Amino acid sequence: MARLIVADELRTRDTVALARELIGKVLMRRMPDGRELARMITEVEAYDGEHDLACHARAGRTRRTEVLYRAGGVWYVYLCYGIHEMLNLVVGPEDAPAAILIRGVEGIVGPGRVTKQLSIDRSLNGASAAPASGLWLEDRGLAVPPMQVIATPRIGVDFAGEVWAKKPWRFVVTPPGVQRPNVTPLAPARPRPPRADRSRSTSPHPRRT
């Protein structure tokens, strides 16, 4: 059964640990036409505070980063390189700026593609991660085996210097996929009965005469 992930769950946890736990959770989007899409989260990156030189909060509290200083449970959406909208989940207590970038979901790879295909833009910046905003999170009990989740350095943050660029704060699901509980695996296909061998030859490719 689906369980709504509420703001209180996002305000008291370690940012990096919470980023890892978001793998396997479900991003829900109510589209402009009323359809509700559910996509399992498959790739995230953690950004943790003013001391993290890869985080936008490294510049302190500004008009752009103000939303990062709010209590966890709201969305931070910004424009990257003037092209791509980037979706982040603000986490942690108030005045402790931290966020988790949603880099990939089931069937969509890349943060710019996630927002484009799910009709997410800066109109959601500062909105609550709740059904009322049309963009929220659910826990549906999807189990991603630990060996299928890898931690790597974050992408595109070399500007932050070697120490911060090498932090293994990106988590991503690797093939062969995920195991979904309460789903009975498909039974193996039954072997087909051998065809009648009209040529009575033991070779799979009888020679023509």
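The values are calculated or read from the model by the stated rules, or taken from the named source; none is laboratory data. Just so it is clear, the model here is predicted, and its values are computed rather than measured. Backbone-built Cβ (ideal geometry, glycine too); neighbour counts: all protein chains shown.
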Here are some conditions: (1) part of a helix (DSSP H, G or I); (2) in contact (Cβ under 8 Å) with a residue 40 or more places away in the chain; (3) hydrophobic (A, V, I, L, M, F, W, C). Residue 96 meets all but one. Which one does it not meet? (1)
Residues satisfying the stated conditions in segment 10-20, i.e. part of a helix (DSSP H, G or I) and in contact (Cβ under 8 Å) with a residue 60 or more places away in the chain: 10, 15, 16, 18, 19, 20
Residue satisfying condition, being part of a strand (DSSP E or B), surrounded by 17 or more Cβ atoms within 10 Å (Cβ to Cβ) and charged (D, E, K, R), within set 103, 154: 103
Counting just the residues of segment 39-62 that are in a strand (DSSP E or B) and hydroxyl-bearing (Ser, Thr, Tyr), which one comes out nearest to residue 27 (Cα to Cα)? 42
Residue match in segment 44-62 (condition: surrounded by 21 or more Cβ atoms within 10 Å (Cβ to Cβ), in contact with a strand residue (DSSP E or B) (Cβ under 7 Å, 6 or more places away or on another chain), more than 18 Å from residue 159 (Cβ to Cβ) and among the hydroxyl-bearing types (Ser, Thr, Tyr)): no
Can you tell me which residue is surrounded by the fewest Cβ atoms within 10 Å (Cβ to Cβ) among those in segment 163-178 that are of a type outside the set (Val, Ile, Thr) and at pLDDT 95 or above? 168
Of those in segment 2-34 that are under 16 Å from residue 133 (Cβ atoms) and more than 16 Å from the chain's Cα centre (by Cα), the residue surrounded by the most Cβ atoms within 10 Å (Cβ to Cβ) is 30
